[in-house]
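The values are calculated or read from the model by the stated rules, or taken from the named source; none is laboratory data. What you see is a predicted model; the values in this text were computed from it and never measured. FYI the Cβ positions are ideal-geometry reconstructions off the backbone, even for glycines, and counts take in every protein chain you see. Ligands, DNA and RNA are excluded from the accessible area calculation, which covers all protein heavy atoms including side chains. Shrake-Rupley method; radii C 1.70, N 1.55, O 1.52, S 1.80 Å.
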Amino acid sequence: MSDRLPSVWYPGPKQRTDQLIQLRWMFALGALLIVSMGSLLFPDSLPMPLPLAVIGVVILYNGVFLWHAHQLSVYQGDDRDQRYLSFTNVQLAADMLALTLLIHYTGGIENPFYLLYIVYVTAASILLPRKHGFLHASLATALFSGLVVAEYQGWIAHVHLEGFVSPERYTRTMYIMVVLFSMAGTLFVCAHLVSALADILRRREAELLGANLSCEVRAGELAQLNARLADLDKARSQFIRLVTHELRAPVAAIQSYLRLILDGYVPPERQREIIEKSERRAVEQLALISDLLDLARLQERREQEQPVLVDMADVLNGVSDLMQARAEDKDLLFTVEIEPDVPAVRARPEHIKQLWTNLISNGIKYTEPGGIVVVSLSQNPKYVVGVVRDTGIGMTPEQMTHLFEEFYRTEQAKAMERQGTGIGLSIVKRIIESYGGRIWVESEQGKGSKFSFALPKAES
């Protein structure tokens, strides 16, 4: 549904049609009762078969209208609303013509029920746009004026209501002019006032409908935000539990080692061994704290730390120099391949350094001695592309779905390298995505992994 609403709202096409058809059954029944009462009051004046015939025609064409309304309800053409509008106009015009015939056969200008024209003009002004209300006021004026003038001129026979009014009333020129002028003025004033009031009510209803739709949209947005907040709160709670567990384990181990020494359970010749174990656990804890700080910094938005142009090749060369020694210690073949003229990216230099360091160190860490780690840097029309490929332990497809979650490490990774926080790859992913890039991985268990990422080229 569109958020924009018309400035004036009108009853639905089907609603208009159903209302008119229902009212017409009531009109036919009421006319039948009035004509029957008139035949008792004026037994020698009313030509009863003719009014009854008009009522019968009304009942007949209302049945036709009912059938046509059903046909329109299943019609799906683009002009459906226009057809409904025309149908409503035809119904009102037919009703006013039938009313004119009934008035003619029941006394003409002598019959006070000619005021029923006002009812039809009012209905047209309520159900239809303003100009249609004036059109029906004009039609009612023309029909009633034509009837009165035709009877006045003797073009059609006048039905006199014996004993109700003087028989010469319909021939009095002044009386006829006053009645016609008053009737026409009343019809047009009625069309104007009712249309104006109906427009005001329609606008108010459209405004209320718009406000209601807006509230529904806002309610939906709030529900989505609440669901998002609930997910974030759940993720935060889970993150806190994981961090608490990861921080507690090294501290508890260090405390246990120190307590063994303090309580005298460790002989002097083994104290250095226990202290070295404590130091390794302290180093693990410091590494975890450092990664957590990096993760927190990525979530901060500091205006004074705007991205700058960064040469990816320069940063990669600096990181690879540091990693070369680690690769040699494990007897790994470590190579770096950089295409010439790779353009810069817009980022923070320390983030790019973290990116290369985490990916390359993981490749070295989880590759068996004698394996290969290859790093490459290239470009395509829109992105700078980095790849870190190794012949390490690899992963299963199911493991890859959790790879970028905080604190996630595969069982093979834990068995091969006990040290590790499981935060490095989540940091890498956040860095890349924060600059509009993406990262993906290809891996096969026991055959190695290939991490690829793409960062947008800096605008010249």
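Against the numbered list (1) in contact with a helix residue (DSSP H, G or I) (Cβ under 7 Å, 6 or more places away or on another chain); (2) at pLDDT 85 or above, R169 comes up short only at (2).
Conditions tested, residue by residue: (1) β-branched (V, I, T); (2) more than 52 Å from the chain's Cα centre (by Cα); (3) open to solvent by 40 Å² or more (accessible area, probe 1.4 Å).
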position: H136; (1), (2), (3): no, no, no
position: F144; (1), (2), (3): no, yes, no
position: F164; (1), (2), (3): no, yes, yes
position: I176; (1), (2), (3): yes, yes, no
position: L180; (1), (2), (3): no, yes, no
position: C190; (1), (2), (3): no, no, no
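In segment 299-319, the condition of being at pLDDT 90 or above, under 21 Å from I427 (Cα atoms) and among the small types (G, A, S) is met by at least one residue. If you go through segment 67-94 and keep only what is at pLDDT below 90 and of a type in the set (A, V, I, L, M), you end up with A69, L72, V74, L85. Among the residues of segment 125-137, those identified as assigned to a helix (DSSP H, G or I), of a type outside the set (A, V, I, L, M, F, W, C) and in contact (Cβ under 8 Å) with a residue 12 or more places away in the chain are S125, R130, H132, G133, H136. The residues listed here are L50, L85; of these, the one that is open to solvent by 40 Å² or more (accessible area, probe 1.4 Å), part of a helix (DSSP H, G or I) and on the phi < 0 side of the Ramachandran plot is L50. Among the residues of segment 341-390, those that are closer than 16 Å to V428 by Cα, open to solvent by less than 10 Å² (accessible area, probe 1.4 Å) and either in a loop (DSSP other than H, G, I, E, B) or among the small types (G, A, S) (or both) comprise A347, G363, G386. Considering only segment 446-453, I want to know if a residue exists there that is at pLDDT 90 or above, under 16 Å from I338 (Cα atoms) and within 36 Å of the chain's Cα centre (by Cα). Yes, segment 446-453 has at least one match.
Checking each residue in segment 107-133 for being open to solvent by less than 20 Å² (accessible area, probe 1.4 Å) and of a type in the set (S, T, Y) picks out Y117, S125. For segment 197-214, the set of residues classified as in contact with a Leu (Cβ under 9 Å, 6 or more places away or on another chain) and open to solvent by 70 Å² or more (accessible area, probe 1.4 Å) consists of E207, L209, listed by residue number. In this entry, V148 passes the filter for residues that are over 25 Å from I59 (Cα atoms), part of a helix (DSSP H, G or I) and either among the small types (G, A, S) or open to solvent by less than 60 Å² (accessible area, probe 1.4 Å) (or both).
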